[in-house]
1. Provide the gained length on full extension for the span residue 174 to residue 263, in nm with one decimal, where the gain is 0.36 nm per separating residue minus the Cα-Cα distance.
2. So what is the calculated 222 nm ellipticity per residue for the chain, using -39500 (n - 2.57) for each DSSP H run with n of 4 or more, over all residues, to the nearest 500 deg cm²/dmol?
3. Taking the alpha-carbon centroid of each part, what is the distance from the range 197-265 to the range 137-151 in angstrom?
4. Across all directions of projection, what mean area in square nanometres is found for the Cα convex hull of the range 135-277?
5. What distance in nm lies between label points placed 7 Å from Cα along the C-beta direction at residue 181 and residue 271?
6. Can you tell me the FRET efficiency between residue 127 and residue 91 if r is taken as the Cβ-Cβ distance and R0 is 30 Å, rounded to the nearest 0.05?
7. Most mobile of 221, 244, 190 per a Gaussian network model of the chain (Cα springs, under 10 Å)?
8. Ignoring solvent entirely, what values of log10 I(q)/I(0) come out of the Debye formula for the range 14-270 at 0.07, 0.14, 0.15 Å⁻¹ when each Cα is a single scatterer?
Ligand code: GLP
């Protein structure tokens, strides 16, 4: 009984893991996904785009090629997609997922879902409702991978998005357009709208894998993890989630007020081989 309670409590935490660098962060994250696939081969993964999860995807491809980790029964749902881009557009998130992960693993293309950025305007509401339904029908998301935008967004939930928001059409913040213009020829080419899972949708995932790397993320990461709950930093909503693994590299962890405490806990856990929460 006590062990059962301990196990339940153990699940109810935001665990902060600080790794030396981006490579170690990616390996740690990939290990968590590998464990899930091994224990639940038909699991449902929530996936993210951006530069942060690329190392994680590279590791998963390596596990597939070197260890035979199979994705043949896995289903995936991506967080978001630019509105107005065809799936074949090199900056579309569908294209990103195909080239950075799906083409190199044995996942069935029909089991990979990304909101459709090319859906007609009059079909947007239905498409978003269908996306939510599909997630439910698949049994819900087991682990949702997340990065964080410079303005604190998760998926494309810009500052001010409701914590109850669902998959919908959103307009992008000027900062996001500016941040993401590095992938386009100029900021005018960056779409101004996107289809994005809501914060409410994300919070329903059974587990969150929240990744951040690099010094430019340090301040916003500290606000998200240690700051007040506020829709002005939508990632702060993760403080409400019962099971979050935050994996940071040293640079992204730099502004955390409780940095030493997290390091101490992490080291102590290693020594006593028992989770502390
Ligand atoms: C985009 C995505 C987010 C992602 C963010 C950060 O805005 N919609 O899901 O977390 O970029 O990207 P990066 O990892 O490149 O910093």
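1. Working: separation 89, 0.36 × 89 = 32.04 nm, distance 3.53 nm.
Residue separation times 0.36 nm, minus the Cα-Cα distance, leaves 28.5 nm.
2. Working: 10 runs with 103 residues, N = 277.
It lands at -11000 deg cm²/dmol.
3. Going from one Cα centre to the other spans 13 Å.
4. Result: a mean projected hull area of 9.6 nm².
5. Those two pseudo-labels are separated by 5.1 nm.
6. On the way: r = 20 Å, r/R0 = 0.67.
Using R0 = 30 Å, I get an efficiency of 0.90.
7. Evaluated over the chain, the most mobile residue of the options is 190.
8. -0.22, -0.93, -1.09
Only the coordinates and a few stated rules stand behind these numbers; no lab work does. Since the model is a prediction, treat every value here as computed from it, not as a measurement. All Cβ positions, glycine included, derive from the backbone under ideal geometry; neighbour counts span all protein chains shown.
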